[in-house]
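The values are calculated or read from the model by the stated rules, or taken from the named source; none is laboratory data. Nothing here was measured: the structure is a model prediction, and the numbers come from that model. Don't worry about glycine lacking a Cβ; one is built from the backbone with ideal geometry, like all the others, and counts go over all protein chains shown.
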Amino acid sequence: MAFSVEVQDDAAVVVSCPEEMEWDAREDLETLVSEAAPRKNYKGVILDFGKVSFVSSAGLGAIMLLRDYAQRHNVKLVVARPRPLVVRLFNEVCLPKIIRIADTMAAARDFILSE
């Protein structure tokens with residue numbers, strides 16, 4: 001499982017997700033964000049799903065844990081660039097009703113910066 005984290009201009013923590021979001025993602029995701037977040041004051045977390053082709057139920061759980069983390073820290077969460085199959089899964093579980101989904105990184109960043 002290879003996540004990478006980048007803090008952008010004091011605005012967002014961007015997490016590039018691996019091709020498969022499975023069991024290991026649960027703890028890895030929140031740990032990575034919490035370690036990156038104290039370094040800068042940020043407004044939100046962008047999960048870059050551009051490479052993700054598979055999401056298990058544990059991967060969905062990891063997203064929900066990160067949503068809870070974002071709410072506790074009063075920051076926004078957005079999933080960016082999901083592939084069509086992943087979007088279909090998200091729609092089937094009604095994820096877009098509780099987490100913002102953005103087609104592009106620019107749209108995700110615009111959401112993070114909006115008031």
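Please determine whether any residue of the stretch 39-49 is part of a helix (DSSP H, G or I) and touching a helix residue (DSSP H, G or I) at 6+ places or on another chain (Cβ under 6 Å). No, every residue in the stretch 39-49 fails to be part of a helix (DSSP H, G or I) and touching a helix residue (DSSP H, G or I) at 6+ places or on another chain (Cβ under 6 Å). Filtering the stretch 72-90 to residues that are at positive phi and loosely packed, with under 13 Cβ neighbours inside 10 Å leaves only Asn74. Figure legend. Inter-residue proximity from the stretch 47-59: first residues under 22 Å from Ile112 (Cβ atoms), second residues polar (S, T, N, Q) and modelled with pLDDT under 95, beta-carbon distance below 8 Å, spacing 6+ or different chains. Indicated pairs: Asp48/Ser16; Gly50/Ser16; Lys51/Ser16. Answer yes or no as to whether Val87 is in contact with a helix residue (DSSP H, G or I) (Cβ under 9 Å, 6 or more places away or on another chain), outside any helix (DSSP H, G or I) and not acidic (Asp, Glu). Answer is no for this residue.
Taking the listed residues Arg39, Arg26, Arg109, the one that is crowded, with 18+ Cβ neighbours inside 10 Å and at pLDDT below 85 is Arg26, with no other qualifying. Of Ala2, Ala62, all but one fail to be part of a loop (DSSP other than H, G, I, E, B), of a type in the set (A, V, I, L, M, F, W, C) and farther than 19 Å from Glu115 by Cα; the exception is Ala2.
Applying the set (1) at pLDDT 95 or above; (2) surrounded by 12 or more Cβ atoms within 10 Å (Cβ to Cβ) to Asp103 leaves exactly one unmet item: (2).
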